[in-house]
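Participant: This is the structure, below, for whatever I ask next.
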Amino acid sequence: MKILVINSGSSSIKYKLFDMKHRKELAFGVAERISEENSILNHNKISKNSEPITYRNNDVIPDHREGLNRIVKLLVHEKYGVIKNKAEIAAIGHRVVHGGEYYKYPTIINKSVINAIKETIPLAPLHNPPNLIGIEVAETIFPESVQVAVFDTAFHQTMPPKAFIYALPYELYKNEKVRRYGFHGTSHSYVLKQAGIYLKKPIDKLNLITIHLGNGASMAAIKKGRCIDTTMGMTPLDGLVMGTRSGDVDPALPFYLSDHLNMSLTEIDNLLNKKSGLKGICGTNDMREIIERVNAGDYLAKLALEIYTYRIKKYIGAFIAVLGSVDAIVFTAGIGENSPDTRRLSCQGLKQLGIEMDPKKNAEDSDGIDEINTPSSNVKILVIPTNEELHIAIETKKVINKSN
Ligand code: AMP
């Protein structure tokens, strides 16, 4: 069975095609800067020796429909293609950011699912509309394929009310669904399953703290395989320091910015989401550059890294408190997988909590799962590469199998 995974953003479509027989990636790519002058279509066919054969084109991509049409042409292309006919694609798995309280699990897309995603737009105005465009375009281009929605929020739907309800008038939750939802669910869920395999422990017996550190960043407290708390909130702005997002700030900050600096709501939104985080402190959100500047003695880069890792450490402490006991801490995503300095500073001084990192193992680089704790550490520290697209493909296949 071949499954195409689509992540449709406001100006991009990321995709991966899998052969689910061996969970093998056949092709991947991205159509970027859709409806802009300098569009990019980057397509990669995985060759027999696992090396990608790359095709790149800069013709303007006027809209998502044309973008997906061009992707399909490449998937069946004589040189860059991996299938003969688009009918070989049995299903499309769509990443959908917000499923509100409607969806605890992935689901086959029908009219009522589309309506629910539409109803959730006020909670994810930047993400759900382009996700919907991806679904609508895919439905017309692949009328024979099953379309499945896999929600970023679903994994966190197991949180108890004490963790997800804000201390606001209760009506705001009851009537408006204002609450903590949490995001990056596909990544937290994927590394949970990988940790279970690595630790040879059933998932329903696993207590983990998963730390997803990409350009967006979030942590999850997982008890007996179920999420019981997470750092992101009603939107992905909450919690950890991120590439360009502030994470936790005093909720009174917007009043101050408005009253004293005359900033509009749009300007404050832009400030907190796009001009803050690592970039706000030191001017860049690329952790590689930050580490280089730290090593060269740059004060603001050092400060940014300290604030970033201090926040992670604080949440590790908080999540240990709510979990009681922890089998492993898992680092994942771009920074979590590739930045030993970030991991070291986040876990520094936590010996009393049973967390001891082996500096040598932490500095070693590998493509697979790494265990970077000392032998005497009570809590394992794992580095597990995430694969959100594979997770979406696996979940898509499960949903189809269940429905048959
Ligand atoms: P993601 O959103 O998962 O693609 O992660 C993006 C982040 O990963 C960016 O901040 C990159 O700077 C960071 N990143 C990627 N490779 C490295 C690396 N080798 N060392 C440190 N950070 C990295």
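Participant: Rounded to the nearest 5, what % of DSSP beta bridges with both residues in the chain are antiparallel?
Facilitator: DSSP beta bridges in the chain are roughly 65 percent antiparallel.
Participant: Using a simple charge model, +1 on the beta-carbon of Lys and Arg, -1 on the beta-carbon of Asp and Glu, nothing else, what dipole does the chain show about its Cα centre, in debye to the nearest 20?
Facilitator: Dipole of the chain, to the nearest 20 debye: 1280 debye.
Participant: Packing-wise, with mean Cβ within 10 Å as the measure, how do 179-187, 343-351, 35-43 rank, highest first?
Facilitator: Those peptides, ordered most packed to least, come out 179-187, 343-351, 35-43.
Participant: In the calculated pair distance distribution of the stretch 1-114, what percentage of Cα-Cα distances lie above 20 Å?
Facilitator: When all Cα pairs of the stretch 1-114 are counted, 45 percent exceed 20 Å.
Participant: With only Lys, Arg, Asp and Glu charged, each at its Cβ (+1 for the first two, -1 for the last two), find how big the charge dipole of the stretch 253-404 is about the Cα centre; round to the nearest 20 debye.
Facilitator: 340 debye
Participant: Okay, next question. Could you give the length gained on full extension between residue 200 and residue 76, defined as 0.36 nm per residue of separation minus the Cα-Cα distance, in nm?
Facilitator: The span from residue 200 to residue 76 would gain 40.6 nm if fully extended.
Participant: Something else about it: Quick one: with all protein chains in place, what share of the accessible area of the stretch 132-176 is carbon or sulfur, to the nearest percent (1.4 Å probe)?
Facilitator: Solvent-exposed carbon and sulfur of the stretch 132-176 make up 58 percent of the total.
Participant: Turning to a different aspect of this structure: For the stretch 166-259, what relative contact order do you get, as a whole percent, if you take Cα pairs closer than 8 Å and at least 6 residues apart?
Facilitator: For the stretch 166-259, the relative contact order is 22 percent.
Participant: Let me ask another. Kindly flag which residue pairs out of 16/351; 14/79; 48/313; 79/361 have an alpha-carbon separation exceeding 32 Å in this structure.
Facilitator: Exceeds cut-off: 16/351; 48/313; 79/361.
Participant: Could you look at the stretch 277-404 and say what percent of its accessible area is carbon and sulfur, using a 1.4 Å probe and all protein chains?
Facilitator: The value for the stretch 277-404 is 49 percent carbon and sulfur by accessible area.
Participant: State the Kirkwood hydrodynamic radius of the chain in Å, one decimal place, computed from all pairs of distinct Cα atoms.
Facilitator: When all Cα pairs of the chain are included, the Kirkwood radius is 22.3 Å.
Participant: Which GluC sites (Glu not before Pro) from the stretch 52-157 combine a DSSP loop assignment with at most 12 other Cβ atoms within 10 Å?
Facilitator: Those satisfying the criteria are 78, 144.
Participant: To continue, here is another question. With every protein chain kept in place and ligands, DNA and RNA left out, what is the accessible area per residue of the chain? Probe 1.4 Å, answer in Å².
Facilitator: 49 Å²
Participant: Might you report the magnitude of the Cβ-based charge dipole of the stretch 1-128 about its Cα centre, with Lys and Arg at +1 and Asp and Glu at -1, to the nearest 20 debye?
Facilitator: For this selection, approximately 540 debye.
Participant: Continuing with this model, one more query. Going by accessible area, probe 1.4 Å, with all protein chains left in place, what is the ranking of 310, 105, 170, 315, largest first?
Facilitator: 105, 310, 170, 315
Participant: Also: Give me the percent relative contact order of the chain, please, defined on Cα pairs under 8 angstrom at least 6 residues apart.
Facilitator: Over the chain, the number comes to 13 percent.
The values are calculated or read from the model by the stated rules, or taken from the named source; none is laboratory data. What you are looking at is a predicted structure, and each value in this text was computed from that prediction instead of being measured. All Cβ positions, even for glycine, are placed from backbone atoms using ideal geometry, and neighbour counts span all protein chains on display. The accessibility values were calculated without ligands, DNA or RNA, using every heavy atom of the protein model including side chains. Shrake-Rupley method; radii C 1.70, N 1.55, O 1.52, S 1.80 Å.
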